[in-house]
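Scroll down for the structure; my scribbles are underneath it.
Values quoted throughout were computed directly from the atomic coordinates according to the rules given, and no laboratory measurement underlies them. Note that the structure is predicted; figures quoted are calculated from it, not measured. Here the Cβ positions follow ideal geometry from the backbone for every residue, glycine too, while neighbour counts run over all protein chains shown.
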2 protein chains.
Amino acid sequence: MTINSFIPPQRTLMGPGPSDIYPQVLHALSRQTIGHLDPLFIGMMDELKSLLKYAFQTENEFTVAISAPGSAGMEACFVNLVEPGDKILVCRNGVFGERMRENVVRCGGQAIVIDDEWGSPVSIDKVEQAIHQHPDAKIIAFVHAETSTGALSDAQAIGALAKQHNMLTIVDAVTSLGGVPLRVDEWQLDAVYSGSQKCLSCVPGLSPVTFSQAAVDVIQSRRAPVQSWFLDQSLVLGYWSGEGKRSYHHTAPVNSLYALHESLVMLKNEGLENTWQRHREMHNLLAEGLEDLGLTFVVDADSRLPQLNAVFLPEDLDDGAIRNQLLTEYNLEIGSGLGALAGKAWRIGLMGYGARKENVALCLKALENVLKG
Amino acid sequence: MTINSFIPPQRTLMGPGPSDIYPQVLHALSRQTIGHLDPLFIGMMDELKSLLKYAFQTENEFTVAISAPGSAGMEACFVNLVEPGDKILVCRNGVFGERMRENVVRCGGQAIVIDDEWGSPVSIDKVEQAIHQHPDAKIIAFVHAETSTGALSDAQAIGALAKQHNMLTIVDAVTSLGGVPLRVDEWQLDAVYSGSQKCLSCVPGLSPVTFSQAAVDVIQSRRAPVQSWFLDQSLVLGYWSGEGKRSYHHTAPVNSLYALHESLVMLKNEGLENTWQRHREMHNLLAEGLEDLGLTFVVDADSRLPQLNAVFLPEDLDDGAIRNQLLTEYNLEIGSGLGALAGKAWRIGLMGYGARKENVALCLKALENVLKG
């Protein structure tokens with residue numbers, strides 16, 4: 001069999017990620033590779049760190065990008081902070097809360113699950129109740145923006161509760177970073193991870209993370225070594241540390257880091273507040289159009305993510321056939337439902353570069369045409 | 001502080017990796033991102049799998065690319081195959097053998113270390129002896145091409161010994177894949193991992209791996225779940241499996257996978273035998289020139305890797321100053337010594353696209369000029 005170069009089509013990516021990539025980011029991605037210990041590369045990494053701190057709204061020194069996708073960022077937070085026997089409160093209102101629970105178990109921790117309905121935000125009352133029942137819990141883990149449902153939870157309130165009770169937080173900000181307000185320092189969050197391929201509109205494969213000093217202290221006073229060598233942040237710290245000589249840990253994904261740098265330069269140039277505002281405005285346009293088409297949202301208006309719009313399928317519709325038609329006729333990708341919502345909902349992303357009028361217009365018109373049959 | 005786009009210089013990369021990237025690969029990298037569940041992407045992944053099987057010379061169905069660098073590929077092999085209490089023979093003749101030992105320990109395994117001098121290949125006699133002392137060992141782990149020294153070990157002989165004694169092998173082929181003969185099936189190797197950024201001349205960030213049926217059987221009959229969610233290959237298998245519906249595990253690093261696909265198309269077009277031959281010829285040219293400059297090799301001629309040439313520094317030379325001069329005056333990167341060889345040796349890579357006459361000529365002339373002072 002002869003295999004030729006793969007030439008992808010030009011899709012409009014309005015699923016749950018990867019999102020539409022900024023053309024400038026693809027350009028940056030293909031720049032000449034240099035060594036990961038080259039002084040110029042190390043200078044780029046220092047800039048990247050500073051840009052990540054801006055994106056996360058934090059002064060945390062330990063703010064880096066894990067050289068792997070968001071699920072590895074999640075795992076980095078858990079394996080570094082959870083030790084065998086630790087009690088962890090895990091809020092579960094979708095797929096990624098459940099994945100957090102699995103991480104706790106694989107670290108030998110005891111997961112106390114706080115369940116909310118799929119499509120609902122995490123209930124602050126339930127979290128408070130769980131804290132009172134389990135005052136010895138070490139960490140509260142929750143998803144800020146649930147990619148499987150489109151629900152936004154109140155990270156500020158959970159952060160405050162955790163601090164009141166001397167607990168750490170692990171926060172999934174994969175879909176929230178760059179799309180909705182996230183203020184790591186002001187909200188007193190401890191370990192926060194994200195993904196490059198959502199509202200940052202960078203290529204998939206990197207996971208920005210930030211650890212508060214409290215989290216770093218916990219990492220540095222562990223009883224047992226971290227079960228993962230690759231994700232052991234005490235080893236990675238050496239490579240990313242402020243100045244001077246970098247010690248070799250692993251070969252950094254040089255070109256992907258160029259791309260992340262570029263996407264964060266674009267974020268900084270637009271300004272976080274403007275970016276959040278743009279996501280909100282595009283969401284309003286899309287939501288109005290979707291409702292005109294008779295589609296209803298999975299999530300109530302007050303906890304709806306602008307960047308991830310989950311709507312129920314009209315009854316008796318062939319989910320796969322419709323999405324396939326959008327893809328083949330309009331080169332438009334929207335997402336299917338995940339987990340409990342599989343076959344029942346679509347997920348329409350308006351993330352980063354994807355949150356613009358032409359995408360909203362294309363999506364609404366294409367859906368209208370396809371739904372008419 | 002204003003941060004602008006990062007524009008790297010054009011370096012010639014002759015260190016231990018990342019290596020010079022094929023221009024075609026950088027081009028493929030920047031193609032339009034499509035969704036990781038897009039049918040066209042899944043078709044690309046099927047091709048990629050077939051190309052990886054060619055590169056590894058295997059028919060193993062479970063031949064994939066881990067979405068993270070080579071050290072995660074290493075970890076994927078260990079966390080999936082090693083369970084607490086398992087006895088593992090680990091051959092250590094450089095940095096990466098030691099990293100294997102650390103992986104065993106972090107999996108709760110018992111590492112029996114077989115030490116050889118840095119710069120020597122793994123001693124087959126010692127392996128045989130260790131097998132006789134520890135007939136209950138489950139796995140023999142070794143590095144095929146030690147990137148820290150440039151020593152090539154006899155993977156075929158170790159593979160045969162392992163099979164005779166009903167043990168599995170875990171093989172580090174990070175630097176060997178594409179540079180020297182590696183025949184996974186013929187040599188009966190069980191779990192083999194590599195990196196994208198060495199002799200494949202692709203960007204860093206991916207780790208090709210292959211698991212034999214015997215290794216898959218061990219994974220599928222584990223007593224305990226794999227400690228890593230991200231690297232749990234029983235979950236990943238669903239995504240890469242032969243045909244039909246792919247289940248979502250994590251968001252694949254789409255663009256990096258385009259690049260790996262392209263680099264493997266180039267490998268297949270050149271042909272493995274031709275590639276190995278080219279590495280050998282360029283090495284001979286380089287070695288002759290280095291010896292003319294009075295430099296001596298760390299590794300004896302019969303176990304020297306063509307793609308990774310470690311030579312001792314002339315006495316009284318300032319390692320950092322020389323390498324810095326090569327970098328700033330000639331845009332040429334060569335590698336420093338690692339671990340026991342830090343400050344004592346250089347590592348000159350001739351990997352993939354980097355193994356060509358113009359690179360050899362540049363390196364020899366620049367070194368000659370710089371060493372003259």
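Please tell me the relative contact order of chain A in percent, rounded to the nearest whole number, where contacts are Cα pairs under 8 Å and at least six residues apart.
Relative contact order here is 25 percent.
The other copies place their A:Gly85 label points at 2.1 nm from this one, listed shortest first, where each point is 7 Å from Cα along Cα→Cβ. For B:Thr2, A:Thr251, B:Thr147, the sequence from fewest to most other C-beta atoms within 10 Å is B:Thr2, A:Thr251, B:Thr147. A straight Cα-to-Cα reach below 13 Å connects A:Lys138 with the aspartates and glutamates A:Glu83, A:Asp86, A:Asp190, residues fewer than 8 places away in its own chain not being considered.
In the protein assembly as shown, helices alone account for a calculated mean residue ellipticity at 222 nm of -12500 deg cm²/dmol, with every DSSP H run of four or more residues adding -39,500 (n - 2.57). In terms of distances greater than 18 angstrom between alpha carbons, the cross-link table entries B:Lys126/B:Lys163; B:Lys49/B:Lys268; A:Lys198/A:Lys365; A:Lys268/A:Lys357; A:Lys163/A:Lys268 yield A:Lys198/A:Lys365; A:Lys268/A:Lys357; A:Lys163/A:Lys268.
With a Förster radius of 51 Å applied to the beta-carbon distance between A:Glu47 and A:Ile124, the computed FRET efficiency rounds to 0.85.
Per-residue mean of foreign Cβ neighbours for A:261-269 is 2 (Cβ atoms of other chains, 10 Å radius).
Can you tell me what share of the DSSP beta bridges in chain B is antiparallel? A percent to the nearest 5 is fine. Each step should come with its number before you reach the end.
Details: 19 of 39 bridges.
Here the share of antiparallel DSSP bridges comes out near 50 percent.
Over all pairs of different C-alpha atoms in the stretch A:23-268, the reciprocal of the mean inverse distance, the Kirkwood hydrodynamic radius, equals 18.0 Å. Between this copy and the others, label points of B:Glu368 are 7.3 nm apart in ascending order, each placed 7 angstrom from Cα in the Cβ direction.
In nanometres and ascending order, the distances from the B:Ala157 label point to those of the other copies are 6.9 (point 7 Å from Cα along Cα→Cβ). Applying the Karplus relation 6.51 cos²θ - 1.76 cosθ + 1.60 with θ = phi - 60° to the stretch A:267-277 yields 3J(HN,Hα) values of 4, 5, 5, 6, x, 4, 4, 5, 5, 4, 4 Hz, where x marks Gly and Pro. Each Lys or Arg adds one and each Asp or Glu takes one away; over the other residues whose Cβ falls under 10 Å from the Cβ of B:Gln156, this sums to -1.
If we count other beta carbons within 10 Å of each Cβ, what is the order of B:Ile139, B:Ile7, fewest first?
Working: B:Ile139 24, B:Ile7 11.
Ranked by crowding around the Cβ, least crowded first: B:Ile7, B:Ile139.
Ordered by the number of other Cβ atoms lying within 10 Å of each residue's own Cβ, fewest first, A:Val104, A:Val203 fall into the sequence A:Val104, A:Val203.
Semi-axes of the stretch A:139-240's equivalent ellipsoid from the Cα gyration tensor, sqrt of 5 times each eigenvalue, largest first, rounded to whole Å?
Working: eigenvalues 103, 74, 24 Å².
Square roots of five times the eigenvalues give 23, 19, 11 Å.
Across peptide B:197-208, the average count of Cβ atoms from other chains found within 10 Å of a residue's Cβ is 4. Rg over Rh for the protein assembly as shown works out to 0.97, both radii taken from alpha-carbon positions and Rh defined as the Kirkwood radius.
Over all other residues within a Cβ to Cβ distance under 12 Å of B:Gly339, the charged ones net out to +2, with Lys and Arg as +1 and Asp and Glu as -1. For the peptide A:281-288, the mean number of other protein chain Cβ atoms found within 10 angstrom of a residue's Cβ is 0.
Taking amide H atoms as placed 1.01 Å from N in the peptide plane, the amide H of B:Ile112 lies under 5 Å from those of B:Ile88, B:Leu89, B:Val90, each 5 or more residues away in sequence or on another chain. For A:Ser336, the amide hydrogen comes within under 5 Å of the amide hydrogens of A:Arg347, counting only partners 5 or more places away or on other chains and with H modelled in the peptide plane.
What the Cβ-Cβ distance of A:Glu59 and B:Ser221 gives, at R0 = 45 Å and to the nearest 0.05, is a FRET efficiency of 0.40.
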